[in-house]
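Okay, so here's the structure we're looking at.
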Amino acid sequence: MSLGSRWRRVDAEHWVHRLGMLQTTLLVLLAGWTVLSGFVVGLVAAVVPAALAALAGWMTAAWRRDEPWSWPAWVCASGAGAVLSATQLVVGGPTWASCSGLALAVLTLVLLAHPDSRARWLSPSPPAVTRSGDDTRADAGEGRGRGS
């Protein structure tokens, strides 16, 4: 079995969602830890981790709902995460947080590069249909792809 056929059989969309759930869970735990330690330092320090956890949860839910903007949003977020983790790795040396953050971001980017994941952004979406069968989109007949 060739590497190309194995790559095509990977359920990348499913694994992007799983990685999103993992990232959201880790960020919620980080936010919780920051809140608990924030009672000593101040609760303002918990705002950034809580906002990141909320953003990751929102993007994960959007991915599950097949929102057209979720693919580029995940690419941007994962790319930024990879750059930040790589910077931490180079500047601060290898730590658990920098290595795991880099691995999570790179794995997410690899799965987003899978043709099935890219198809979310590049392929047209089916029209939203009401009970009467009417197309509810204002741009009926146009897809959600990049060229639309």
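Which order do GLU13, GLU67 fall in if you start with the one that has the fewest other Cβ atoms within 10 Å?
Details: GLU13 19, GLU67 16.
Result, fewest neighbours first: GLU67, GLU13.
With both labels modelled 7 Å from their Cα along Cα-to-Cβ, the ASP66 to MET21 distance reads 1.9 nm.
For the range 3-122, the residue among LEU55, SER85, PRO115 whose Cα projects farthest onto the positive side of the dipole built from Cβ charges is PRO115. Using the empirical formula 2.2 N^0.38 Å as the baseline, the Cα radius of gyration of the range 1-104 reaches a ratio of 1.25.
A short reminder: the numbers here are calculations on the coordinates, not readings from a lab. Predicted, not measured: the structure shown is a model, and the values here were computed from it. Counting neighbours? That spans all protein chains shown, and the Cβs are built from the backbone with ideal geometry, glycine included.
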